[in-house]
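What follows is one structure encoded as structure tokens, with my remarks underneath.
The values are calculated or read from the model by the stated rules, or taken from the named source; none is laboratory data. Predicted, not measured: the structure shown is a model, and the values here were computed from it. All Cβ positions, glycine included, derive from the backbone under ideal geometry; neighbour counts span all protein chains shown. We work out accessible area using only protein heavy atoms, side chains counted, and drop any ligands, DNA or RNA first. Shrake-Rupley method; radii C 1.70, N 1.55, O 1.52, S 1.80 Å.
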Amino acid sequence: RGSTPRREFLEMLITSVKSAYPGTAFTAEAYDGWDSLSWCGFDLIYSKNNMGRAGGHHGWYDAVQSRDPGWIREALKRAEFLQWQTGGSAGLDFIGNHDEASPRRSFESWERGAAALTLLMPGSMLFYGSQEIGFDKPIPSEPKSLPFGVPVQVDWRGGDQGLAAFYRDIFRKAGRLRERLPSASMKTLEPRGDSGWVGYALVAEGSKKAGALVLANPLDRAVQVQARDTRLGLDWSGTLEPLGWKVVELD
């Protein structure tokens, strides 16, 4: 029979483990209590849903799945802030995990735009294996892509080859951007007028100018993009097809 701990258990656990093993990181699969979990010392917290907290928190997964441009922009601003801050937890962004339906089922024809926005953001990202080939074997009681209640084997030689080619290309783009724009920060872009496009600029550490743009259109109609920001030396215009996306590498 011991006494009640004087400290919050999770804070005590994380502090003790990191003192002994400084390279250890903790991720919270959590959907509420952001500030309390951050105070406890978690390095990453799932960025899925909105959370009620001072200053707000717009979760990435639900925002990008909604295809609501305003919601996605607010989630981008939150992701930008969490990557800029020097203390507290960062967000873990994703378009699929072990509990969600496959990205193909959740996002349908918006999957590639949602994936481009997610996989090219700086910071931490979760990518659930087998989604890069569109693998999806749900059962009625478990809508997730890899159910836990029955044996499932991923057919790595099958799957959607077009989707697999897309993911190979987007991962190559991500690697190239990380090499060309080291330790890049993201700056959320604000469209003028009623345009439905969303996106952000990538700015290399030590630079004040945008080095690349990541743009996407969550709407079922084409949109005109005018990305202008004098502080970033940015003046680019173009068109995004319905549910389209584009990476613009700048000089």
- line: Checked region 170-185 for anything surrounded by fewer than 13 Cβ atoms within 10 Å (Cβ to Cβ), of a type outside the set (Gly, Ala, Ser) and part of a helix (DSSP H, G or I); matches are 172, 179
- prompt: Can we say residue 97 is touching an Asp or Glu at 6+ places or on another chain (Cβ under 8 Å) and not in a helix (DSSP H, G or I)?
  reply: no
task: Output the residue which, of all residues in region 80-110 that are over 24 Å from residue 130 (Cβ atoms) and touching a Ser or Thr at 6+ places or on another chain (Cβ under 7 Å), is surrounded by the most Cβ atoms within 10 Å (Cβ to Cβ).
output: 89
- request: Take the residues in region 207-251 that are charged (D, E, K, R), in a loop (DSSP other than H, G, I, E, B) and farther than 22 Å from residue 65 by Cα, then tell me which one is least open to solvent (accessible area, probe 1.4 Å).
  value: 209
query: What are the pairs, 6+ residues apart or on separate chains, where a residue within region 237-251 that is touching a residue at least 24 places away in the same chain (Cβ under 8 Å) and more than 25 Å from residue 204 (Cβ to Cβ) has its Cβ under 7 Å from a residue that is open to solvent by 30 Å² or more (accessible area, probe 1.4 Å) and basic (Lys, Arg)?
result: 242/221
query: If you scan region 114-126, which residues turn out to be closer than 27 Å to residue 147 by Cβ and either open to solvent by less than 10 Å² (accessible area, probe 1.4 Å) or β-branched (Val, Ile, Thr) (or both)?
result: 114, 115, 118, 119
query: So, in region 1-42, of the ones that are outside any helix (DSSP H, G or I) and in contact with a helix residue (DSSP H, G or I) (Cβ under 8 Å, 6 or more places away or on another chain), which residue ends up modelled with the lowest pLDDT?
result: 5
- line: Of the listed residues (99, 62, 93, 68), the one being closer than 30 Å to residue 18 by Cβ and out of contact with any strand residue (DSSP E or B) (no Cβ under 9 Å at 6 or more places or on another chain) is 99
task: Would you be able to say whether some residue in region 129-147 is part of a loop (DSSP other than H, G, I, E, B), within 26 Å of residue 82 (Cα to Cα) and under 17 Å from the mean Cα position of the chain (by Cα)?
output: yes
task: Return the residue satisfying two criteria in turn: it lies in region 186-206 and is open to solvent by 10 Å² or more (accessible area, probe 1.4 Å) and in a strand (DSSP E or B), and of such residues it is nearest to residue 231 (Cα to Cα).
output: 187
- request: Quick one: which residue in 165, 63 is small (Gly, Ala, Ser), modelled with pLDDT of 95 or more, in a helix (DSSP H, G or I) and over 23 Å from residue 188 (Cα atoms)?
  value: 165
query: Restricting attention to region 34-52, which residues are open to solvent by 20 Å² or more (accessible area, probe 1.4 Å) and more than 18 Å from residue 93 (Cβ to Cβ)?
result: 35, 36, 39, 41, 52
